[in-house]
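Read the figures in this text as sums done on the coordinates, not as results from a lab. This one's a predicted model, so the numbers in the text were calculated from it and none came from an experiment. Neighbour counts run over all protein chains shown; Cβ positions are idealised from the backbone, glycine included.
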Amino acid sequence: MSSINNKTIAIVGGGPGGLTLARLLQMNGANVKVYDRDLNKDARVQGATLDLHEESGLHALHQAGLMDAFNANYRPGADALRIADKDANILWDDDATPREETNRPEIDRGPLRKILLESLQPDTVVWDSNFVSLTPEGNGWKLHFKNGTSAIADIVIGADGANSKIRPYITPIKAFFAGMTAIEGAVYNAEVASPKIYKLLNDGKIFAMGDSKSFIVSSKGDGSMTFYPGFNSTENWSKNSGIDFNDKAQVLAWFKQEFTGWDEVWQEVFENAEPKFIPRPQYCMPLDQTWEALPNLTMLGDAAHLMPPYAGEGVNMAMLDAVELAECLLNDSYTDTKSAIAAYEKQMRKRASEIAAITLESTAALHSPGAINYLISIISGSQPE
């Protein structure tokens with residue numbers, strides 16, 4: 001009998017990690033609710049395309065019995081990568097260059113979330129549940145939400161992302177600034193709104209690099225594209241810049257100045273983007289973080305091991321966390337939840353630390369003078385990844 005028998009489990013956050021965990025636990029008869037801050041499943045446009053890795057994201061979908069749904073929704077060819085210089089010269093093209101076969105199929109975040117949501121029992125997700133605080137309740141917790149409602153659970157799992165409100169109840173350790181900032185933008189109906197970049201994109205991804213800066217563009221299945229100029233910066237650059245990130249003209253003026261010498265073609269996406277841009281200073285959890293396991297509270301994904309996105313590991317790590325946490329909680333050899341959670345957290349921290357070290361190295365390399373050669377050497381297999 002597992003340590004969670006007859007216990008209620010609350011998962012805070014309805015991203016891929018939290019939903020994967022809910023699915024795995026429900027498959028084994030657990031009593032699970034997911035509390036998400038969104039008003040409903042369609043409240044927000046879901047972000048960029050995700051590449052799922054065989055050993056993590058795809059492994060989680062296999063365990064969850066959802067590979068048929070994934071195969072019906074993923075985007076063949078969307079993993080095709082083009083590497084360009086700042087003058088928009090294509091220096092590497094997956095479609096034209098022989099390379100080692102990889103198994104990292106792409107799926108848009110929206111369809112992935114839909115697959116996971118539809119796999120859950122009705123009313124598993126409680127929408128409009130913006131978590132505010134926890135208070136002890138017997139041997140468990142009482143969760144308080146912004147709308148005035150509350151819920152009681154024996155075990156609470158924080159799957160609430162980079163700015164997790166659950167994490168401080170587990171550890172005071174905070175993320176450190178990783179030395180650079182990216183700005184997120186989106187162009188809808190990209191073929192019409194931004195035809196030059198759309199053609200350059202070719203339904204895949206572009207990594208453009210130069211002057212220790214990056215410019216990443218990704219296509220999406222709905223005809224839109226997301227883009228991320230990235231650059232080395234101070235931690236509070238976005239707050240101190242004086243830029244109104246809802247004003248396209250101001251953001252474009254900044255780009256022309258910051259990316260001086262870059263071809264004018266890159267300006268096209270700013271001119272035709274949605275008016276709201278999101279500055280994203282990059283953070284990483286300390287590689288040596290540790291804490292004492294609790295008997296009724298843990299976390300996964302970015303809440304546990306935030307890191308920059310420049311190795312494509314975030315969602316994959318969160319979904320693998322879900323698999324490993326479910327395995328520990330459902331394992332009959334753990335007689336209590338504290339030992340199950342401790343076992344999960346120990347292996348999760350070790351794995352996350354190793355991946356974070358690689359991610360930090362990749363982040364620095366992609367924003368260095370040798371970025372193009374570094375990336376081509378990685379994807380061509382001329383050096384170990």
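Assorted remarks:
- A Förster distance of 25 Å, applied to the separation of the beta-carbon atoms of Q289 and N89, puts the FRET efficiency at 0.05.
- Cα-centred dipole magnitude for the stretch 88-216, charges only on beta-carbon of K, R (+1) and D, E (-1), debye, nearest 20: 540
- Simple spin-label estimate for E54 and D336 in nanometres, 7 Å along Cα-Cβ: 4.2
- Here the extension length gained between K199 and I376 equals 61.6 nm, from 0.36 nm per residue of separation less the Cα-Cα distance.
- Counting beta carbons within 10 Å around each of T135, T359 and listing the fewest first gives the order T135, T359.
- Difference of contour (0.36 nm per residue) and Cα-Cα distance, E354 to Q257: 31.3 nm
- In plain terms, the chain from E271 to Y188 could stretch by 28.7 nm, reckoned as 0.36 nm per residue minus the Cα-Cα distance.
- Percent RCO, i.e. relative contact order, over the stretch 98-241, from Cα pairs under 8 Å lying at least 6 residues apart: 16
- Here the contact order of the stretch 1-130, divided by its residue count and restricted to Cα pairs under 8 Å and six or more residues apart, works out to 36 percent.
- In loop segments of the stretch 267-331 as defined by DSSP, the GluC sites (Glu not before Pro) with at most 10 further C-beta atoms inside 10 Å of their C-beta are E292.
- Packing order of peptides 293-305, 19-31, 67-79, highest average first: 293-305, 19-31, 67-79 (average count of other Cβ atoms within 10 Å over each peptide's residues).
- Note on S212 and A43: their simple-model spin labels are 4.1 nm apart, each label 7 Å out from Cα toward Cβ.
- Charged-residue dipole, Cβ positions (Lys, Arg, Asp, Glu), the stretch 336-378 about Cα centre, Debye nearest 20: 140
- For L297, the residues whose modelled amide H falls within less than 5 Å of its own, excluding neighbours fewer than 5 places apart on the same chain, are V156.
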